[in-house]
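The values are calculated or read from the model by the stated rules, or taken from the named source; none is laboratory data. This is a predicted model, so every value here is computed, not measured. Cβ sites come from the backbone with ideal geometry, for glycine too, and all protein chains shown count toward neighbours.
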Amino acid sequence: MTIRIVTYNIHGAKGIDGRRDYLRIGLFLKHHNIDVALIQEMDTRTGSDPIRDIQELKTDHFKYFVAAPTMEREKGWYGNAILSRFPVFSHKIMDISSPDREPRNIVEAFLETPKGLLHVINTHKGLKIAERNLQMKKLFDFVTGDSSHPLIVGGDINEWQSYSANLKRLNNVLHAVPSGNTFPTRAPFLKLDRMWCRPPSLVRESMVLKTSDSKYFSDHYPLLAEIQMI
């Protein structure tokens, strides 16, 4: 069974053309037949209807939605999310925020696919090296626990140097999914968005979804992985 999964920083659904439009992102994910989407920078604070924002992102394609707010207001929230066409067996959120920095978290879910549980982790790391070091250590500790289920880890990692010690450490316990430059969409030269898997054979193919649409929908391109559940 092939499952198509993306990690995508949607920049609050505000494109580089200035439009804030959750529906066009939702339709883009539907058009590319995405089964699971790991979303960063979900932002329902600036719209008139947070519920509508979520429904437009889901369209009629995704049945399940896991919200992982890092900041909340009376009329909306900001943070990470997971969209899935498969039922969510369980999920949890881990706060990895650093003092006086933008709040961050890790959201984990187990999805009930026809071939068994798929373990997915979504995260968005900080911009400062010191905070990111601590956050990456927490992610490392999080993924080294015992698990008999296939695992995909994705997110906007904000590590752009390939010789980063944080990346090397994670690469020692998980298989790094091949990726290309995802940021900024106007002229991408940084690999900010990354994915890892376990076992190494889980991912069959990966690519950056660079299209005439995704160039404008966010300042990040989505990274796609096709995984094989057996």
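Scanning region 209-218 for residues that are surrounded by 21 or more Cβ atoms within 10 Å (Cβ to Cβ) and without any contact (Cβ under 8 Å) to a residue 60 or more places away in the chain yields nothing.
Within region 185-208, which residues are assigned to a loop (DSSP other than H, G, I, E, B), buried (at least 16 other Cβ atoms within 10 Å of the Cβ) and not β-branched (Val, Ile, Thr)?
Residues of region 185-208 assigned to a loop (DSSP other than H, G, I, E, B): 185-189, 191-192, 199.
Filter once more, keeping what is buried (at least 16 other Cβ atoms within 10 Å of the Cβ): 185, 188, 191-192.
Scanning region 185-208 gives PRO188, LYS191, LEU192.
Rundown of residues vs (1) under 19 Å from the mean Cα position of the chain (by Cα); (2) closer than 30 Å to LYS14 by Cα; (3) without any contact (Cβ under 8 Å) to a residue 60 or more places away in the chain, yes/no style:
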{"residue": "PRO150", "(1), (2), (3)": "yes, no, no"}
{"residue": "VAL153", "(1), (2), (3)": "yes, yes, yes"}
{"residue": "ASP156", "(1), (2), (3)": "yes, yes, no"}
{"residue": "ASN181", "(1), (2), (3)": "yes, yes, yes"}
{"residue": "CYS197", "(1), (2), (3)": "yes, yes, yes"}
{"residue": "SER201", "(1), (2), (3)": "no, no, yes"}
{"residue": "MET207", "(1), (2), (3)": "yes, yes, yes"}
{"residue": "HIS220", "(1), (2), (3)": "yes, yes, no"}
{"residue": "GLU226", "(1), (2), (3)": "yes, yes, no"}
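Of all residues in region 123-148, which are assigned to a loop (DSSP other than H, G, I, E, B) and either closer than 16 Å to GLU102 by Cβ or touching a residue at least 60 places away in the same chain (Cβ under 8 Å) (or both)? Residues satisfying the conditions are LYS125, GLY126, LEU127, LYS128. Among the residues of region 167-219, the one identified as modelled with pLDDT under 95 and β-branched (Val, Ile, Thr) is VAL173. The single condition from (1) part of a strand (DSSP E or B); (2) more than 17 Å from LEU224 (Cβ to Cβ); (3) of a type outside the set (Val, Ile, Thr) that ARG24 fails is (1).
The set of residues in region 29-52 that are of a type outside the set (Gly, Ala, Ser) and either assigned to a strand (DSSP E or B) or surrounded by 19 or more Cβ atoms within 10 Å (Cβ to Cβ) (or both) comprises LEU29, ILE34, ASP35, VAL36, LEU38, ILE39, GLN40, GLU41, MET42, ASP43, THR44. For ASP146, the stated conditions do not hold, so it cannot be described as among the charged types (D, E, K, R), at pLDDT below 95 and on the phi > 0 side of the Ramachandran plot. Of the residues making up region 162-181, just one is in contact with a strand residue (DSSP E or B) (Cβ under 7 Å, 6 or more places away or on another chain), outside any loop (DSSP other than H, G, I, E, B) and not aliphatic (A, V, I, L, M), namely HIS175.
Considering only residues that are basic (Lys, Arg) and assigned to a helix (DSSP H, G or I), which ones fall in region 53-76?
Of the residues in region 53-76, the ones basic (Lys, Arg) are 58, 63, 73, 75.
Result: LYS58, single match.
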